[in-house]
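Asker: What follows is a single structure, and I will ask about it in a moment.
The values are calculated or read from the model by the stated rules, or taken from the named source; none is laboratory data. What you see is a predicted model; the values in this text were computed from it and never measured. Virtual Cβ from ideal backbone geometry, glycine too; neighbours counted across all protein chains shown. Surface areas here come from the heavy atoms of the whole protein model, side chains and all, with no ligands, DNA or RNA. Shrake-Rupley method; radii C 1.70, N 1.55, O 1.52, S 1.80 Å.
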Amino acid sequence: QVPLVESGGGSVQAGGSLRLSCAPSGYSIRSVCMGWFRQAPGKEREGLAGIDRRGSTVYADSVKGRFTISQDSANNTLYLQMNNLKAEDTAMYYCASDGRTYGSALSCLSRSRYMYWGQGTQVTVSS
């Protein structure tokens, strides 16, 4: 029932790295944008990184230079490489697909454009 499935989360010491993966659950989803978001308890879901069909990427200022979004077209898997992790990165991480076939004025970091979400994978960073 969940259209996207994340994996790769876990516990890591500050300064360490994790690589998150996201793949469709049994089927492919067409999209203009795919993205990574995170949400801590009591907080709003925050856009971290987005990638469009042409491979153009956009990042939140808080993760620029540390996180890299990429997509493997051969297996339709989305990745988020996270380096130099900090305690404030602790959150549930979600991948998303907008399910669109046409573009829009909305940024690939905008929550409102996304239709399909994974169940989340927990990332915990110990300082």
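Asker: Go through segment 97-127 residue by residue and tally those that are open to solvent by 40 Å² or more (accessible area, probe 1.4 Å) and more than 11 Å from the chain's Cα centre (by Cα).
Answerer: The qualifying residues number 17.
Asker: Could I ask something else about it? For M82, indicate whether it is modelled with pLDDT of 95 or more and either touching an Asp or Glu at 6+ places or on another chain (Cβ under 9 Å) or of a type in the set (D, E) (or both).
Answerer: So M82 passes the test.
Asker: With the condition being more than 22 Å from S107 (Cα to Cα) and either without any contact (Cβ under 8 Å) to a residue 24 or more places away in the chain or open to solvent by 50 Å² or more (accessible area, probe 1.4 Å) (or both), I'd like the strands (runs of 3 or more DSSP E) fully within segment 5-96 carrying at least 3 qualifying residues.
Answerer: So the answer is none; nothing clears 3.
Asker: Given the options R38, R19, name the one that is within 11 Å of the chain's Cα centre (by Cα), over 21 Å from R113 (Cα atoms) and modelled with pLDDT of 95 or more.
Answerer: Going through R38, R19 in turn, just one is within 11 Å of the chain's Cα centre (by Cα), over 21 Å from R113 (Cα atoms) and modelled with pLDDT of 95 or more: R19.
Asker: Does R54 satisfy the condition of being charged (D, E, K, R), modelled with pLDDT under 95 and over 10 Å from the mean Cα position of the chain (by Cα)?
Answerer: yes
Asker: Let me ask something else about it. Identify the single condition in (1) over 25 Å from G55 (Cβ atoms); (2) in a loop (DSSP other than H, G, I, E, B) that S104 does not satisfy, given that it satisfies every other one.
Answerer: Here S104 meets the rest and fails (1).
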